[in-house]
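Asks: Below is the structure I would like to discuss, written out as structure tokens.
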Amino acid sequence: VPVSRIRNFSIIAHIDHGKSTLADRLLQVTGTVEKRAMKQQFLDNMELERERGITIKLQAARMNYRAKDGEKYVLNLIDTPGHVDFSYEVSRSLAACEGALLVVDASQGVEAQTLANLYLALEYDLAIIPVLNKIDLPGAEPERVKNEIEQIIGLDCSNAILASAKEGIGIDEILEAIVNRIPAPQDTVDAPLRALIFDSYYDAYRGAIAYFRVMDGTLKKGDRVRLMVAGKEYHADEIGILCPTQQPLDELHAGEVGYLAAAIKTVEDARVGDTITLAQNPAETPLPGYTEANPMVFCGLFPTDADQFEDLREALQRLKLNDASLSYEPETSSAMGFGFRCGFLGLLHMEIVQERLEREYDLDLITTAPSVVYLVTKINGEKVYVDNPSLLPGPQEREKIEEPYVRVEMITPETYVGALMELCQTRRGEFTDMKYLTPERTTLVYELPLAEVVTDFFDQMKSRSRGYASMEYHVIGYRENPLVRMDILIKNDLVDALAMIVHRDKAYVMGRALVEKLKELIPRHQFKVPLQASIGSRVIASENIPALRKDVLAKCYGGDISRKKKLLKKQAKGKKRLKAIGTVDVPQEAFMAVLKLD
Ligand code: GTP
């Protein structure tokens, strides 16, 4: 097809507003996926994603569509992940498009993450088509939501489309709008090849597969290609389009979207944002916007069973093949033994990796509480980044500690403004801005230490707003604060894996709350277990877990052996996720106690 009849677009939507359902409909109506072959929600094809109902990795699909003008068009849908952890990937897929559908649930309204992605799309000058979805619902108020969009973003909604992805209403109108309102890609077929990688994944047989949009020039099968940022060259063994399954082709031109298989060893060599060019006639400069997504949140991962250390290493190696933003390094903890310090883009990313390690690799892990990366200036002027609280240089050695701050933007019904402000205040937040968007909805902007956001902030925000508020955040830089390291001692043993960095003014309250929580979470033993929180050599809080008085088995009647066995089995199962620290068995939950303090 000529460039003039290609349309590249993505869908911007808040979780649950119906992006996947709409994508499925578009694939179905254009006959891209046969009804028979159509699994529900074709685009979200990772098992974990489907279970959690969120889009984590992006994918793409090419549709053929005969428009009302009688012409045949190629519509490329580039999906975007729906979570703040992956906003860099969102920015790259938007950069590969000329337009976007803004899908808003007509019974709800605009949410924070939608806004963040929409601003990105506007930055790239994309044509935006507002779609009010779920108009089949009795509670749908398309006029109110249109108004809201106009008020908040100043986007003209007079030509917004009323749709129901579920009932198939408005789908033709959406397809026509894609053709008529989104511009065709620029015709730069004659320029040297530049293709933007917006996604990549690892295939055990073919190596890393890159998904890309050709911005300029032509890519042919068999070409020798160069990845401009990675600085590596490959033979383009196979190229093709995504329908949405891969279909090999011989050539792809400016404006088209496709995939490349070139025996690339890991996704790290085909990073999102890198530019593919030709080795023979290379482009002068790579496409703009490449950055390396840096890990923001770190935690320790330790096998409960020391024998699984090598298995854990292998599993991390394999996950890394498919996930360039995951980082890991061996860590030795006096309390936990051998494990890895791992870095993640955010909390969701962290949870996904942990879950995959346990599910797909059958590992039993103890995870330590998440930490951010602190910037420490030593007395001698040297600056070091510290991602592990137990490695914080002592007070005599350091001059100052800086911590990362984020700007958090929340959208909430007005009723919950007070509760959310209170939450931000207890999290050391600094009020920045508040706007009444409409009589019903308010945005609230705070600057907060990232450390306070990664510890359970999201869940707190949701519970304090009964699920109605949404949030989005991005890093704004480092700030100095009077921070100290708080240590935890269990039966007089210092447990490095429980050390945390806290604000001086919050240390006492935190220390007290933490030992009380640990007392709840650590089971009783045959002996008394003292618990202490300390700063340096000063104990700031202490508790005792009293000794067990009775043997558990004493509860069994007489010699009912089956009952006894059952009880022992139950105990053995519960033991799985315990770590012996000295003579004390500490369960997984205790390492996460800090997330459960509020
Ligand atoms: P993420 O993948 O997490 O981004 O969610 P999503 O935006 O893809 O939402 P999804 O398509 O999974 O839809 C969320 C829920 O809304 C599902 O239960 C859908 O069945 C339902 N839904 C989607 N579109 C409509 C609609 O037009 N009307 C009604 N009544 N329900 C809809």
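The values are calculated or read from the model by the stated rules, or taken from the named source; none is laboratory data. These numbers come from a predicted model, not from an experiment. Heads up, the Cβs are rebuilt from the backbone with ideal geometry, glycines too, and the neighbour counts pull from every protein chain shown. Quick note on the areas: whole protein, heavy atoms, side chains included, nothing else; ligands and nucleic acids left out. Shrake-Rupley method; radii C 1.70, N 1.55, O 1.52, S 1.80 Å.
Asks: State which residue is nearest to Glu472 (Cα to Cα) when the search covers only the range 19-30 and only residues that are near the ligand (Cβ under 6 Å from one of its atoms) and buried (at least 22 other Cβ atoms within 10 Å of the Cβ).
Replies: Lys19
Asks: Out of the residues in the range 139-170 that are assigned to a helix (DSSP H, G or I) and within 16 Å of the ligand (Cβ to nearest atom), state the one that is least open to solvent (accessible area, probe 1.4 Å).
Replies: Val145
Asks: OK, next. Can you tell me which residue in the range 467-490 is least open to solvent (accessible area, probe 1.4 Å), limited to those that are part of a loop (DSSP other than H, G, I, E, B) and over 27 Å from Tyr119 (Cβ atoms)?
Replies: Across the range 467-490, the extreme among qualifying residues is Asn481.
Asks: Would you be able to say whether some residue in the range 440-456 is loosely packed, with under 15 Cβ neighbours inside 10 Å and more than 26 Å from Met336 (Cβ to Cβ)?
Replies: yes
Asks: Is at least one residue of the range 362-376 out of contact with any Phe, Trp or Tyr (no Cβ under 6 Å at 6 or more places or on another chain), assigned to a loop (DSSP other than H, G, I, E, B), of a type in the set (Asp, Glu) and touching a residue at least 60 places away in the same chain (Cβ under 8 Å)?
Replies: Checking the range 362-376: at least one residue is out of contact with any Phe, Trp or Tyr (no Cβ under 6 Å at 6 or more places or on another chain), assigned to a loop (DSSP other than H, G, I, E, B), of a type in the set (Asp, Glu) and touching a residue at least 60 places away in the same chain (Cβ under 8 Å).
Asks: Considering only the range 377-400, state which residues are part of a strand (DSSP E or B) and either of a type in the set (Asp, Glu) or under 28 Å from Leu444 (Cβ atoms) (or both).
Replies: Glu399
Asks: Taking the conditions exactly as written (within 25 Å of Ser87 (Cα to Cα) and assigned to a loop (DSSP other than H, G, I, E, B)), does Pro282 satisfy them or not?
Replies: Taking the combined requirement at face value, the residue does not satisfy it.
Asks: Among the residues of the range 117-135 satisfying the criterion of being within 14 Å of the ligand (Cβ to nearest atom) and of a type in the set (A, V, I, L, M, F, W, C), which is farthest from the chain's Cα centre (by Cα)?
Replies: Filtering the range 117-135 for residues that are within 14 Å of the ligand (Cβ to nearest atom) and of a type in the set (A, V, I, L, M, F, W, C), the one farthest from the chain's Cα centre (by Cα) comes out as Ile135.
Condition check ((1) in contact with a helix residue (DSSP H, G or I) (Cβ under 9 Å, 6 or more places away or on another chain); (2) outside any strand (DSSP E or B); (3) among the basic types (Lys, Arg)) across all residues:
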| residue | (1), (2), (3) |
| --- | --- |
| Gln186 | yes, yes, no |
| Ala195 | no, no, no |
| Val225 | no, no, no |
| Val229 | no, yes, no |
| Gly240 | no, no, no |
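Asks: Do the conditions hold for Thr432, that is, is it among the polar types (S, T, N, Q), more than 27 Å from the chain's Cα centre (by Cα) and open to solvent by 10 Å² or more (accessible area, probe 1.4 Å)?
Replies: Criteria not met by Thr432.
Asks: Another one. Quick test of your reading of the structure: Val353 fulfils all but one of (1) touching a residue at least 24 places away in the same chain (Cβ under 8 Å); (2) open to solvent by 50 Å² or more (accessible area, probe 1.4 Å). Name the failing condition by number.
Replies: Of the numbered conditions (1) touching a residue at least 24 places away in the same chain (Cβ under 8 Å); (2) open to solvent by 50 Å² or more (accessible area, probe 1.4 Å), the odd one out for Val353 is (2).
Asks: Show the residue pairs meeting these rules: Cβ distance below 6 Å; 6+ apart or different chains; first residue within the range 3-15 and more than 16 Å from the ligand (Cβ to nearest atom); second residue part of a strand (DSSP E or B) and modelled with pLDDT of 95 or more.
Replies: Pairs that qualify, where the first residue is more than 16 Å from the ligand (Cβ to nearest atom) and the partner is part of a strand (DSSP E or B) and modelled with pLDDT of 95 or more, are Arg5/Tyr73; Ile6/Val74; Arg7/Leu75; Asn8/Asn76.
Asks: Which count do you get for residues in the range 384-418 that are open to solvent by 30 Å² or more (accessible area, probe 1.4 Å), within 30 Å of Ile152 (Cβ to Cβ) and touching a residue at least 40 places away in the same chain (Cβ under 8 Å)?
Replies: Qualifying residue count for the region: 3.
Yes or no, residue by residue, for (1) closer than 30 Å to Asn388 by Cβ; (2) open to solvent by less than 20 Å² (accessible area, probe 1.4 Å); (3) polar (S, T, N, Q); (4) within 25 Å of the chain's Cα centre (by Cα):
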{"position": "Ile241", "(1), (2), (3), (4)": "no, yes, no, no"}
{"position": "Gln246", "(1), (2), (3), (4)": "no, no, yes, no"}
{"position": "Gly258", "(1), (2), (3), (4)": "no, yes, no, yes"}
{"position": "Thr275", "(1), (2), (3), (4)": "no, yes, yes, yes"}
{"position": "Ala283", "(1), (2), (3), (4)": "no, yes, no, no"}
{"position": "Ala306", "(1), (2), (3), (4)": "yes, no, no, no"}
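Asks: Let me ask you something else. For the range 98-110, name all the residues that are in contact (Cβ under 8 Å) with a residue 60 or more places away in the chain and either open to solvent by 10 Å² or more (accessible area, probe 1.4 Å) or in a strand (DSSP E or B) (or both).
Replies: Correct list: Glu98, Gly99, Ala100, Leu101, Leu102, Val103, Val104, Asp105, Gln108.
Asks: Looking at (1) under 15 Å from the mean Cα position of the chain (by Cα); (2) modelled with pLDDT of 85 or more, which is the one condition that is false for Leu348?
Replies: So the condition that Leu348 fails would be (2).
Asks: Also, I was wondering about something else. Which residue pairs have Cβ atoms under 6 Å apart, sit 6 or more places apart or on different chains, and have a first residue in the range 288-304 that is on the phi < 0 side of the Ramachandran plot and a second that is outside any loop (DSSP other than H, G, I, E, B) and among the aromatic types (Phe, Trp, Tyr)?
Replies: Ala293/Tyr88; Pro295/Phe344; Val297/Phe344; Leu301/Phe340; Pro303/Phe309
Asks: Related question: Say whether the condition of being modelled with pLDDT of 85 or more, farther than 27 Å from Leu595 by Cβ and over 20 Å from the mean Cα position of the chain (by Cα) is met by at least one residue in the range 360-371.
Replies: no
Asks: Just a yes or no: is a residue in the range 374-383 under 30 Å from Gly337 (Cβ atoms) and surrounded by 19 or more Cβ atoms within 10 Å (Cβ to Cβ)?
Replies: The answer is yes, given that some residue of the range 374-383 is under 30 Å from Gly337 (Cβ atoms) and surrounded by 19 or more Cβ atoms within 10 Å (Cβ to Cβ).
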